[in-house]
Amino acid sequence: MKNIFIAVCMLFSFFSCSEKEKMVLLSPSGNLTLYVKLTNGQLVYSLFLSGDTILADSPLGIVTENADFSQNLRFVGMTGIRSDGETYRLYKGKAEQITQVYYERSYTVMNAINGDTLKITFRLFDDGLAFSYRLGDFSHRFGSITHDVVVCETTGFKFPENTTAFISPLAKAKTFWARTNPSYEDQYQRNIPVGSPSDYGQGWVFPALFRIGDRAWVLLSETGVDGGYVATHLADNSEHGLYKIEFPHPDQNLPEDPATAAVQLPFMSPWRMVVVGKTLHPIVASSMAQDLVKVKYSAKYDFKPGKASWSWLTLKDNSVDPKTSQKFIDLAAELHFEYCLIDGWWDRQTGREGMEKLSEYARAKGVGLLLWYNSNGNWNDAPQTPIDRMADRIVRRNEMAWMQSIGITGIKVDFFGGDKQRVMQLYEDILTDANDYGLVVNFHGCTLPRGWDRMFPNFVTDEAVMGMEFCTFEQANEDKRPVHATTLPFTRNVVAPMDFTPVILNPRLGVKPGTGPVRVTSSAFELALPVVFQSGIEHFGLIPANLRQFPDFVWTYFREVPSAWSETRLIDGYPGRDVVIARRRDSIWYVAGINGENTAKTFSFKLPFPEKAISAMLITEKNGSMYEVEQREITVEKGTPIQIQTVGYGGFVLIINSQ
């Protein structure tokens, strides 16, 4: 009733309010308060959590070739408060059934010079804020026009002075190996002051995590980006805690492709999202990236999440010959994995006729094959083949028809290199065509998926992370991995599935035994990663010969650990230090923890389940060993402290059947 009363009062006073007066919207529980106002003709908003400032006055606005909504604005209308929500199912995420509740209000502003109007829609959840621009037509000036070009946004997020950031820099285009950047593959900078310059001068990628003193945590991202817009990032030139939205840099992708967004009118922009929590628990559990979007097409086949064996991570390019691939298909079958990924150069080392035979072999074992493809190649120099099979629609659909005819179940498409609209359209086209041919899709060397796990039924996972492959190349990357791995559950993996490609049990990470970087994590740390990380298809870096050195309970664990979850809860942790996550599939809870510090640690925590004392299975280091693991029974009960010892860079998995 309080919220409705405010809505009525505001509605009556709206058209007489001055620019200095604020329009108010509360979240359903009243913990979040949004203010919207005009200041000197510019639209701004601010956000408060239980009275504490989350975002100070932050700019709103959008500029197109035909209209400017960054200045000279005045209010001309607003809707009443709409209370709404939805319950939906997501078969491949961190929660199976999701319920969202929000209050929504739209404000309409007019450019006082030419009469153009823009609507901004705000949705306020108990765990955050989202907003989107809605552009109509300009018939009062131009007659009937159906298209426009969005040049930029003036959208910003202004944090209080005592805020620090956990953010990852955007790489400069056409840098790194074979000119493949940017691909969202960098370390997160942790706890740095807001306004710190990015490593490459290009800005910061989504999602970005911020800590406001000891009062709150905020995660910024965007969702709902498809072929109708560009993907954006946070600009580098932040001042006084103000981070602004920036469009792709012109040197990304092909230089001739515009960095602007051609839109069809009427137009609704992707959602900008601000996830808020007094602690990190609401951040990690958030489903806002999925809540704000709708399914774009119906699934034509039964697309399933799962686990995959994969030779390339440790054995690299020469491992995609038929003999080696058969060994990894056998491993997938033995571990009850749904998939086996055959990586780049398969067309050279196995051939198309050989792939038909390999697919037949896999199907007889109950394993689906996933095939790697180069996205195109003309925007970078990556030589891996198959190439030039995904960019052209006719060629792509012919290729997918061939894959369907021989029983291939999915594709991994690599090397995209930017966020321009043309490439956003390519992502959508690949997904849409793959749906027609029964193929699940995994993107690598790519952008952050922005709501795609709900929008596209056959999208299963996406890299957009500095993953395990980097650790196999350089010891320095492996040395940083424990800190990196304990940062990702609070950042990248919050908003979308993440194909980190975890779990290598080899003591050394080179192609040949005894070579390459030394693994710094314990084997128990590695076993925890399929629970700590979430991916619609989890690609494991397991080698058959190495895995056979481990006891039977490890094999059982790999067979049974799910890849999609009914529920996710953060139990404890801090970015870069450690994390304990609980994920449930039906009646079975998997509680996993990893230690990001190189000192022995005792994890001490309480679980909100089960109601009565029951026996659970604990997997952890054996006698403090980095390489050996043991399994033992312990008793767990709701609210009763649990203490688990780990080595430096160690971990554990606790399996609880709460039925």
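Between helix 2-13 and the chain there is an angle of about 40 degrees, using the helix long axis and the longest principal axis of the Cα atoms.
Rounded to the nearest whole Hz, the Karplus-based 3J(HN,Hα) values (6.51 cos²θ - 1.76 cosθ + 1.60, θ = phi - 60°) of the stretch 584-589 follow the sequence 10, 10, 6, 9, 9, 9, with x at glycine and proline.
For the stretch 591-631 versus the stretch 63-142, the spacing of their alpha-carbon centroids is 45 Å.
The calculated pair-distance distribution of the stretch 235-333 uses every alpha carbon pair, bins of 5 angstrom beginning at 0, and gives 2, 8, 8, 9, 11, 12, 14, 16, 11, 7, 2, 0 percent. Taking only the Cα atoms of the stretch 526-659, the ratio Rg/Rh comes out at 0.93, with Rh defined as the Kirkwood radius.
Once backbone amide H atoms are built at 1.01 Å from N, GLY128 has VAL276 as its partners under 5 Å, excluding neighbours fewer than 5 places away on the same chain.
Using a Förster radius of 30 Å, what is the FRET efficiency between ASP479 and SER29 based on their Cβ-Cβ separation? Nearest 0.05, please.
0.10
For the stretch 375-395 and the stretch 291-331, what is the separation of their Cα centres, given in Å? If we compute the Cα centre of each part, the gap is 19 Å.
Less than 5 angstrom separates the built amide H of TYR373 from those of LYS412, VAL413, ASP414, all sequence-distant by 5 or more or on a different chain. Helix 421-436 sits at what angle to the longest principal axis of the chain, using alpha carbons and giving 0 to 90 degrees rounded to 10? Between helix and principal axis, roughly 50 degrees. Apply 1/(1 + (r/R0)^6) to the Cβ-Cβ distance of TYR301 and GLU597, taking R0 = 41 Å, and write down the FRET efficiency to the nearest 0.05. After rounding, the FRET efficiency stands at 0.35.
Could you tell me the calculated FRET efficiency between GLN645 and ARG508, based on Cβ-Cβ distance and R0 = 45 angstrom, to the nearest 0.05?
0.95
Anisotropy class assigned to the stretch 578-657 is prolate, per the alpha carbon gyration tensor with a/c at or over the 1.5 cut-off and a/b larger than b/c. Size descriptors for the stretch 167-262, from the alpha-carbon set: Rg then Dmax equal 14.1, 47 Å.
Fewest-first ordering of TYR133, TYR35, TYR427 by other beta carbons within 10 Å of each residue's beta carbon gives TYR35, TYR133, TYR427. Any idea how far apart ARG559 and ASP214 come out in nm if each label point goes 7 Å out from Cα toward Cβ? Here the modelled spin labels are 5.0 nm apart.
Put the Cα centre of the stretch 443-512 next to the Cα centre of the stretch 513-551 and the gap is 13 Å.
For ASN66, the residues 5 or more places off, or on other chains, whose built amide H falls under 5 Å of its own are VAL149. Computed from backbone phi, the HN-Hα couplings of the stretch 447-455 come to 8, 5, x, 10, x, 5, 5, 9, 5 Hz, rounded to whole numbers (Karplus: 6.51 cos²θ - 1.76 cosθ + 1.60, θ = phi - 60°; Gly and Pro given as x).
In this simple spin-label approximation, ARG585 and LYS365 carry label points 7 Å from Cα along the Cα→Cβ vector, and these lie 2.0 nm apart. Counting only Cα atoms, the stretch 2-291 measures 60, 48, 41 Å along its principal axes, largest extent leading. Applying 0.36 nm per residue to the separation of GLU630 and ASP381 and subtracting their alpha-carbon distance, the gain on full extension is 85.0 nm. In degrees from 0 to 90, rounded to the nearest 10, what is the angle of the helix 475-485 Cα long axis to the longest principal axis of the chain? Approximately 60 degrees, to the nearest 10. Computed 3J(HN,Hα) for the stretch 168-173, one whole-Hz value per residue from the Karplus formula 6.51 cos²θ - 1.76 cosθ + 1.60 where θ = phi - 60°, is 10, x, 7, 6, 6, 4, glycine and proline marked x. Relative to the current alpha-carbon distance between ARG82 and ASN657, full extension at 0.36 nm per residue lengthens the span by 202.9 nm. Greater than 27 Å separation of Cα atoms is the criterion. Which listed pairs, LYS304/LYS512; LYS174/LYS316; LYS172/LYS296; LYS22/LYS244; LYS92/LYS119; LYS94/LYS327, meet it? Pairs exceeding 27 Å: LYS304/LYS512; LYS172/LYS296; LYS92/LYS119; LYS94/LYS327.
The numbers here are math on the coordinates, done by the rules we state, and not lab data. Not measured: the values here are computed from a predicted model. No Cβ is skipped: glycine too gets one built from the backbone with ideal geometry, and neighbour counts run over all protein chains shown.
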